[in-house]
Amino acid sequence: MSSETIAAIATAPGAAGIGIIRVSGAEAFAVCDRVFAAASGTPLMETPGGRAVYGHIVGEAAETVDEAMALVMRAPHSYTTEDVVELQCHGGQAVLRRVLSLVLAHGARLAERGEFTKRAFLGGRLDLSQAQAVMDVVSARTDRALAVAESHLAGHFSGRIQAMRDRCLALIAHLEAAIDFPEDDIDDVATAEVERAVTEMRGELRKLLATAHTGRILRDGLLTAIVGKPNVGKSSLLNALLREERAIVTDIPGTTRDSIEETADVGGVPLRIIDTAGIRETSDTVERIGVEKARSYVEKAALVLALFDGSRPLDEEDREILSLIAGKQAIILLNKADLGQVVTEKEIRQTLLRLPLWGRCPEGADKQTLSASALRGRLCRSRQRVTQKQNDGFYLPVLSVSTKDERGFDALTDVIVHLAGLTETPEAAYVTDERDIAILRRADEHLRAALTTIADGLSVDFISIDLRSAWETLGEITGETATEDLIDEIFSRFCIGK
């Protein structure tokens, strides 16, 4: 670990009541004593750990820069396991920059991205999985996402990984005993026990990997596009999901000409919602650009909320939008249920069955007009069947809603929660990081290789090699076998001050 004392602004940019300068390292107290004058006159160097001290920040000419509190934390009882001082000042950017400049001028250097958390990792306070969870806590968009991040930060996920590593190590020791004492003829017994244990571990790994889709949604959000004709209520839907007046709502078609992106918490699922321009033929240059962007967002989105005015008959523009979402995971919403429904779910499904899906088939399907029976296999005929997953993972719920009185929104929430895969799975069971997912897959491959080795009747030496590879691979999650370059790369993604 570096012996240098580091400092950075630890609070987010912008005006606030309080801003924090974090200073960590062997000279943290000495550096802060040069810029902080305690009202009691007692230097921070002589202050016991776990104390908050009132005083003032003083400049080069002993002028008062700001009132402040200094939080004193002595090693190893601090976030970084080093001596730490946190100077709590007023939260204006000018005063924070001035205080940081003074701290740097008196012996500290500016911290690199994630360097405080990296020192916590190197000091043994956090393993690598817990360190990554720090940023997940900071960036969590919903309570459920926060619960998963907090569980990982508490070490529950890495605890499961460590338990699997311990099992691998125990199996390796068991096999090596068979190697060291061949006269005891325990190879067959040892191999049978290893085969059972490895099969169980592969089952546990597969359960973890099965949560990856939901874990990534909780961490990164589900990219969702709202599409429809002008004036069907897209902006009203966005406002209702956000529970604030984010988009302009008028009776004039074409009000939304550009795309608006916001994050909404829908049943614990963070939706990264894009409200697009109404899709229609237009001679307005600006609106036409917005319509083209809307089409591109439909292609990129993981989920499409296709909105139709249920109080008016379907027209050609509606049918074009239905064609646009073919092969996409979508929810069809018949809006304005408060005005009475003219369009029915049956009509929507009959219209869908008549639409050609050329070039828009789900992956693996033939590029031809699908038969009615093939398309029916992807359609969820009613809300009661929404929890039944179709063979290819596609289904198309049709819901009646009203953005005016939020009628049907509970059903919409149920569908979105189901699509995201949220269940009562313990928070520690979710895999949220792409790196962890790749590591778990590699570990599973090593365990599969061990089973193949056993099935081929090879000696226990080869089985031990496969198990050791799995043990080392899983250690990359906790950081025990991670390379220095990998560790540096991970912490470089953090913000400065964390």
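Some notes on this structure:
- The number of residues in the range 100-128 being at positive phi and open to solvent by 40 Å² or more (accessible area, probe 1.4 Å) comes to 2.
- Residue in the range 67-77 that is open to solvent by less than 70 Å² (accessible area, probe 1.4 Å), over 23 Å from residue 95 (Cβ atoms), modelled with pLDDT of 95 or more and not aromatic (Phe, Trp, Tyr) present: yes
- Residue within the range 242-264 that is touching a strand residue (DSSP E or B) at 6+ places or on another chain (Cβ under 6 Å), at pLDDT 90 or above and in a helix (DSSP H, G or I) present: no
- Members of the range 304-325 found to be open to solvent by less than 20 Å² (accessible area, probe 1.4 Å) and part of a helix (DSSP H, G or I), listed by number: 318, 321, 322, 324
- Candidates in the range 99-138 are the residues that are in contact (Cβ under 8 Å) with a residue 24 or more places away in the chain and polar (S, T, N, Q); of these, the one that is farthest from residue 272 (Cα to Cα) is 117.
- Among the conditions (1) surrounded by 14 or more Cβ atoms within 10 Å (Cβ to Cβ); (2) modelled with pLDDT of 90 or more, residue 207 misses just one, which is (1).
- Restricting the first member to the range 465-492 and to residues that are farther than 19 Å from residue 133 by Cα, and the second to residues that are open to solvent by less than 80 Å² (accessible area, probe 1.4 Å) and not in a helix (DSSP H, G or I), the beta-carbon pairs closer than 8 Å and six or more apart or on different chains are 472/481; 473/481.
- Residues being open to solvent by 30 Å² or more (accessible area, probe 1.4 Å) and hydrophobic (A, V, I, L, M, F, W, C) - total across the range 129-159: 8
- A residue that is among the aliphatic types (A, V, I, L, M), free of Cβ contacts under 8 Å to residues at least 12 places away in the same chain and open to solvent by 30 Å² or more (accessible area, probe 1.4 Å) occurs nowhere in the range 15-25.
- Selection within the range 1-36 - touching a helix residue (DSSP H, G or I) at 6+ places or on another chain (Cβ under 8 Å) and part of a helix (DSSP H, G or I): 29, 30, 31, 32, 33
- Restricting the range 210-234 to residues that are over 26 Å from the mean Cα position of the chain (by Cα) and open to solvent by less than 10 Å² (accessible area, probe 1.4 Å), the residue that is nearest to residue 294 (Cα to Cα): 228
- Residue in the range 114-127 that is nearest to residue 65 (Cα to Cα), counting only those that are in a helix (DSSP H, G or I) and of a type in the set (D, E, K, R): 115
To keep it simple, each residue is scored yes or no on (1) modelled with pLDDT of 90 or more; (2) of a type outside the set (Lys, Arg); (3) surrounded by fewer than 21 Cβ atoms within 10 Å (Cβ to Cβ); (4) under 19 Å from residue 212 (Cα atoms).
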| residue | (1), (2), (3), (4) |
| --- | --- |
| 375 | no, yes, yes, no |
| 390 | no, yes, yes, no |
| 393 | no, yes, yes, yes |
| 396 | no, yes, no, no |
| 401 | yes, yes, no, no |
| 407 | yes, no, yes, no |
| 413 | yes, yes, yes, no |
| 416 | yes, yes, no, yes |
| 424 | no, yes, yes, yes |
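- Complete set of residues in the range 91-113 that are outside any helix (DSSP H, G or I) and charged (D, E, K, R): 109, 112, 113
- When residue 88 is tested against (1) open to solvent by 40 Å² or more (accessible area, probe 1.4 Å); (2) part of a loop (DSSP other than H, G, I, E, B); (3) within 30 Å of residue 127 (Cβ to Cβ), just one condition goes unmet, and that condition is (2).
- Residue list for the range 443-498, filter: under 30 Å from residue 79 (Cβ atoms), at pLDDT 90 or above, open to solvent by 60 Å² or more (accessible area, probe 1.4 Å) and not in a helix (DSSP H, G or I): 480
- Selection status of residue 328, closer than 16 Å to residue 238 by Cβ and either without any contact (Cβ under 8 Å) to a residue 60 or more places away in the chain or open to solvent by 10 Å² or more (accessible area, probe 1.4 Å) (or both): no
- Conditions (1) modelled with pLDDT of 90 or more; (2) farther than 23 Å from residue 489 by Cα: number failed by residue 176: (1)
The values are calculated or read from the model by the stated rules, or taken from the named source; none is laboratory data. If you're wondering where the values come from, they're calculated on a predicted model, not measured in any experiment. For neighbour counting, all protein chains shown are included, and Cβ atoms are generated from backbone atoms with ideal geometry for every residue, glycine included. Heads up: the accessible areas ignore ligands, DNA and RNA and are worked out on the full protein's heavy atoms, side chains in. Shrake-Rupley method; radii C 1.70, N 1.55, O 1.52, S 1.80 Å.
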